[in-house]
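Notes to accompany the following structure.
Throughout, read-outs are computed from the coordinates displayed, never taken from laboratory work. Just so it is clear, the model here is predicted, and its values are computed rather than measured. Cβ placement follows ideal geometry from the backbone for every residue including glycine, while neighbour counts extend to all protein chains displayed.
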Amino acid sequence: MSNRIQAVLGALDDDQPQALERLVAFLKIKSISTDPEFASDCRAAAEWSAKTLSDIGFEASVRNTPGHPMVVGHYQPKAPTTGPHVLFYGHYDVQPPDPMDLWDTPPFEPEIKTDPRYGEVIVARGASDDKGQLLTFLEAARAWKSVSGDLPLKISVLLEGEEESGSPSLGPFLDAHRDELKADLALVCDTPQWDGDTPAITTMLRGLAFSEIVVQGANRDLHSGMFGGVAVNSARVLATVLSALHSDEGRVLIPGFYDDIIEPGQAQKEQWTGIADSARSMLDDIGLTQSAGETGRDILEQLWSQPTVEINGLISGYTGPGVKTVIPATASAKISFRLVPGQDPEKILKNFEQFVRSKLPADCSVAFKGSGGSPAIVFDLGTKQMTAAARALEDEFGKRPVMMGCGGSIPIVEQFKSELGMDTLLVGFALDDDRIHAPNEKYNLSSFRHGARAWVRILDGLAGAGD
Ligand SMILES: [Zn+2]
């Protein structure tokens, strides 16, 4: 370890009490983005963030949008650097604290408490998501600047205030400030570690496709005594079609569904198999005993690198109280797909529509409504930057990071890719039991400390990795 890193890490450790004071001050601001009553608090959080960036040495400002403001900061190193220009993204807004009566202490009066498992934790709305997480990066930058008088990379910062309410201003803002915000690599600190001792980098996100199918039989609903046995029943047709989507082994039977999939590498699969036991506890938690995914695949593979088709809703016939002996003329289902790298949402939907049509009996027709989707995202594990980040995390935690997938999508990552052509390094220090979006949200002080230390090492690693 270089003397420089040692000095920066030392400064970070010495400054912990002050860093914690800054976190407490940030958490006291009620920046609830979804409720217009807190608009001035959101602005206060934006101003607090811009001032914090300025104190560190960034050129920072609060930028108005039709919604809550953005905060943008830039730092141009004085010394020449060969590393990438990075754009750090975080969000200063928080979820509403409701239901209030389930909080043990008020959500905007941060308290340090002792957790039997993790030691000291800070409890407040936003402690983990995302104020604590984003401050890990700013504290790392602060320590770096105080020790060496400079930062090792060109760093831009974008902090948003509408992440918890759908980010309506983000797309237009990125579009309007493309040249200012475009960097070589985005850094986002809003994801979890694997567990309390094991860091993680999220390297793949499943995509999404969706459609609603409406099956039509007779031209009107019919009496089951007068027409039963003769007239086709749309609900039965729909059930037959839907039940043909999967084999008994849980494999999707739509032709071509798996054709273009890019499977993760062997080393990746082995790492996931090695940690599959701890992943199975997610089933206990929801009252299940076994995975319903494809037979013969490990649970993390099913969750991260295998595609799905799910029935999200079904509507047909009479669903009110009592009996009504009707043969429904129409039946509909809302369907969605989680897609993996290689799958094209349009092609998947086209094959799905063909598949449904091929299963329809005479006299039935089908309409498809509201189709759309976005592809999966996967980052190259072999880049110099990814390697440098993984090594930095290993140096800090003494354990190799888990290269995680994410079963859902993270819109900002898609927008950085599509609007600015940038890949994102997703490194976070939250834990699944941080109770984000729920009462008594907490952030472990060890996450806060290790997170900042890890960012110091990542910045150093990136600076040495070249762009
Ligand atoms: Zn968040």
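The figures follow:
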item	result
Ratio of Rg to Rh over the range 58-115 (Cα coordinates, Kirkwood Rh, two decimals)	1.16
Rounded D (µm²/s) - the range 406-467, Kirkwood Rh over Cα pairs, Stokes-Einstein at 4 °C, 1.567 mPa s	91
Once the Cα gyration tensor of the range 19-136 is diagonalised, semi-axes √(5λ) in Å	28, 20, 11
Straight-distance crosslink candidates among aspartates and glutamates, where the alpha carbon sits under 15 Å from Lys350 and sequence neighbours closer than 8 are dropped	Glu212, Asp259, Asp260
Karplus-derived HN-Hα couplings along the range 255-260 (A = 6.51, B = -1.76, C = 1.60, θ = phi - 60°), whole Hz, x at Gly and Pro	x, x, 4, 9, 4, 9
Signed unit charges on C-beta, dipole axis of the chain, positive-most listed residue Pro168, Ala200, Ile56	Pro168
Karplus-derived HN-Hα couplings along the range 419-436 (A = 6.51, B = -1.76, C = 1.60, θ = phi - 60°), whole Hz, x at Gly and Pro	7, 10, x, 10, 7, 10, 9, 9, 10, x, 10, 6, 10, 4, 9, 6, 6, 5
Exposure proxy order (Cβ contacts within 10 Å, fewest to most) of His177, His68, His91	His177, His68, His91
Over the range 311-394: Kirkwood hydrodynamic radius from C-alpha pairwise inverse distances, Å	17.2
Antiparallel bridge percentage (DSSP; both residues within the chain; nearest 5)	70
Other-chain or far-sequence residues with amide H under 5 Å of Ala200's (modelled H)	Trp194, Val402, Gly428
Loop GluC sites (Glu not before Pro), the range 179-260 (other Cβ atoms within 10 Å of the site Cβ: 14 or fewer; DSSP)	Glu249
The chain - percent relative contact order, Cα under 8 Å, separation 6 or more	26
Estimated inter-spin distance, Glu263 and Asn3, nm [label 7 Å along Cα→Cβ]	5.2
Net lengthening on full extension, Gln354/Ile311 (0.36 nm per residue, minus Cα-Cα)	13.7 nm
Rounded to 5, percent antiparallel among DSSP beta bridges of the range 88-205	50
All Cα pairs of the range 269-369, percent lying beyond 25 Å	45
Cβ-based exposure ranking for Glu310, Glu294, in which fewest neighbours within 10 Å come first	Glu310, Glu294
Square roots of five times the Cα gyration tensor eigenvalues for the range 183-295, Å	43, 19, 16
At R0 = 56 Å, FRET efficiency that the Cβ-Cβ distance of Ala244 and Ile112 yields, to 0.05	0.50
Excluding exposed DSSP-loop trypsin sites (Lys or Arg not before Pro) (at most 11 other C-beta within 10 Å), longest clean stretch of the chain	221-467
Positive dipole terminus of the range 1-132, leading residue within Pro36, Ala79, Val24 (C-beta point charges)	Ala79
Student exercise, the chain dipole from Lys, Arg, Asp, Glu Cβ charges, in Debye to nearest 20	860
Projected label distance in nm at Ala79 and Leu288, using a 7 Å step from Cα toward the beta-carbon	5.2
Once the Cα gyration tensor of the range 321-467 is diagonalised, semi-axes √(5λ) in Å	45, 22, 12
Principal axis dimensions, largest first and in whole angstrom, of the range 355-397 by Cα	66, 19, 19
Cross-link table Lys30/Lys131; Lys269/Lys399; Lys324/Lys369, entries beyond 23 Å C-alpha to C-alpha	Lys324/Lys369
Long pairs among Lys51/Lys154; Lys182/Lys384; Lys334/Lys442; Lys28/Lys442; Lys51/Lys182; Lys28/Lys78, criterion Cα-Cα beyond 25 Å	Lys334/Lys442; Lys28/Lys78
Radius of gyration and maximum dimension Dmax of the chain, Cα, Å	25.4, 89
For the range 235-244, Karplus couplings with θ = phi - 60° (6.51, -1.76, 1.60), whole Hz, Gly/Pro x	5, 5, 4, 4, 4, 5, 4, 5, 6, 7
Positive-end extreme of charge dipole, the range 315-380 - chosen from Leu349, Ile377, Thr319 (charges on Cβ)	Thr319
Trp272, Trp304 arranged by Cβ crowding within 10 Å, fewest neighbours leading	Trp272, Trp304
With Cα atoms, 0 to 90° folded angle of helix 131-148 axis to the chain main axis	30
Residues in the range 429-465 that a label on Ser281 would reach, taking backbone N under 11 Å of a point 7 Å out along Cα→Cβ	432-433
